Amino acid sequence: MKVLFCCDDTRPEPWLKGLHDALPGAEIAIWEPGAPQADYALVWAPPQQFLDEQAAGLKAMFNIGAGVDALLLLRIPAALPVYRLEDAGMAVQMAEYVAQAVIRFFRGLDQYEADMAQGLWQHQRNPRRVDYPVGVMGLGKMGERVARALTVFDFKVNGWSRSPRELQGVQCFSGMDSLDRFLSETRILVNLLPLHDETRDIINARTLALLQPGAYVINVGRGGHVVDADLIAQIESGHVSGAMLDVFREEPLPENHPFWKQSRIILTPHTSARTLAADSIAQIVGKVAAMSRGEPVTGRVDLGKGY
């Protein structure tokens, strides 16, 4: 078995060691142009040249992350099975990140931090959970884990997805026809959608205006979901009280981007859910073994849908 590793901006050593340990006897190598044909490939934002050289002979290609938007920019043969990671330790990280952000805004911890920085010792009003319904856009594995985590804190949780879902304790909306109602019943908006043509720029002036007054936005999906200028305008108008953003249209975020100067926006460097090499390798090796036995394998990407 020959396995190629082609992952931009990813330190290869932990992956190569883990693959060698998990697949003794396999040939594991970092892809270079002109490399011999491989059986399987682990990729993250690969160049088109990699696919041009390798795709025809690959049995499967594994994307070492949950998001596949970088792959959608490439020409990928329809016959090549492409698989994304399913959780692999990322869902609990995402739930942690989102829960702390929701609680931060709900309890006014951002305001307490600002007060303490000015030497002010004062209490904010006691919030009521009924006044802070949370809306989770995107109910895949991560979105489901996030929504379930928030119900533990007794928040009213709404969920929205393109196709119908049912989650205990979560009021679920589906389809574009229900989006406006979902937004109107949301004060803290959490975005975990995949990025494709239908969801690009979905957090814009119109949709933000539908949120309840004093809204908050938490974006852990993709930067392309948010129209940056519209979010800033809604914050400056006071309709949106603040935001916590982990993903951006351009990463690293340019030093002259206006987000840096907006005190009501909290920024983190795309760290809400990091890929864990050991967990990811175990999942990928398990999928390879299932394929060799002729068993069905979950997590295949529908390139037409974008997830």
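Descriptive notes on the structure:
- Filter result for F259 (free of Cβ contacts under 8 Å to residues at least 60 places away in the same chain, of a type in the set (F, W, Y) and in a loop (DSSP other than H, G, I, E, B)): no
- Residues (of a type in the set (D, E) and either touching a residue at least 60 places away in the same chain (Cβ under 8 Å) or in contact with a Leu (Cβ under 6 Å, 6 or more places away or on another chain) (or both)) located in the stretch 20-71: D69
- Taking first residues from the stretch 100-123 that are farther than 19 Å from K156 by Cβ and partners that are open to solvent by less than 20 Å² (accessible area, probe 1.4 Å) and part of a helix (DSSP H, G or I), the Cβ contacts under 7 Å between residues at least 6 apart in sequence or on separate chains come to Q122/D115.
- Residues satisfying the stated conditions in the stretch 136-174, i.e. polar (S, T, N, Q) and assigned to a strand (DSSP E or B): N158, S161, Q171, S174
- Cβ-Cβ under 8 Å pairs, at least 6 apart or on other chains, the stretch 283-307 side on the phi > 0 side of the Ramachandran plot, far side open to solvent by 40 Å² or more (accessible area, probe 1.4 Å): G299/R84; G306/D69; G306/L72; G306/P194; G306/D197
- Helices (runs of 4 or more DSSP H) fully within the stretch 175-237 that include at least 3 residues being open to solvent by 50 Å² or more (accessible area, probe 1.4 Å) and farther than 23 Å from P164 by Cβ: 228-237.
- Pick from the stretch 39-98, criterion outside any loop (DSSP other than H, G, I, E, B), among the charged types (D, E, K, R) and at pLDDT 95 or above, ranking: most open to solvent (accessible area, probe 1.4 Å): E96
- Filter result for the condition that a residue is among the aliphatic types (A, V, I, L, M), out of contact with any strand residue (DSSP E or B) (no Cβ under 8 Å at 6 or more places or on another chain) and at pLDDT 95 or above, over A114, A149: A149
- Only one of the numbered conditions (1) part of a loop (DSSP other than H, G, I, E, B); (2) over 21 Å from the mean Cα position of the chain (by Cα); (3) without any contact (Cβ under 8 Å) to a residue 60 or more places away in the chain is not met by E250, and that is (2).
The values are calculated or read from the model by the stated rules, or taken from the named source; none is laboratory data. Just so it is clear, the structure is predicted and the values come from calculations on it, not from any experiment. Note: ideal-geometry Cβ built from the backbone for every residue, glycine included; neighbour counts use all protein chains shown. Side chains are part of the model used for accessible areas, which takes the heavy atoms of the whole protein and leaves out ligands, DNA and RNA. Shrake-Rupley method; radii C 1.70, N 1.55, O 1.52, S 1.80 Å.
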